[in-house]
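Okay, so here's the structure we're looking at.
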Amino acid sequence: MAVLHAGLMLAPGTSAPRGHSHGNGSAAAAPVTDAVNEQTLGVIGLEIGTAMLASTLVARIWSNVQRTAAAPNLP
């Protein structure tokens, strides 16, 4: 989903693609600026990095659980 939204934000000539909106859609909403897009892309990168770190941690824990189950008396 992060990749999809990044692609939508980076679409040439648009800051909010037609047919794609969030919130109540009021006309008083401020236009999206380049600074906001850069911050959002930063958050997307942080989320992807956090997901990769979490998956690595889960894989290590799962590996230790399987090793302990196979040989419960070994340290």
Quiz prompt | Burial order of peptide ranges 51-62, 36-47 (average beta-carbon count within 10 Å, highest first) | solution = 36-47, 51-62
Quiz prompt | Contour excess over end-to-end distance, with Cα ends at A6 and L41 and 0.36 nm allotted per residue | solution = 11.9 nm
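Since every read-out is calculated from the coordinates, none of them should be taken as a lab result. Quick caveat: nothing in here was measured; it's all calculated off a predicted structure. In this analysis, Cβ positions are derived from the backbone assuming ideal geometry, glycine residues included, and neighbour counts consider all displayed protein chains.
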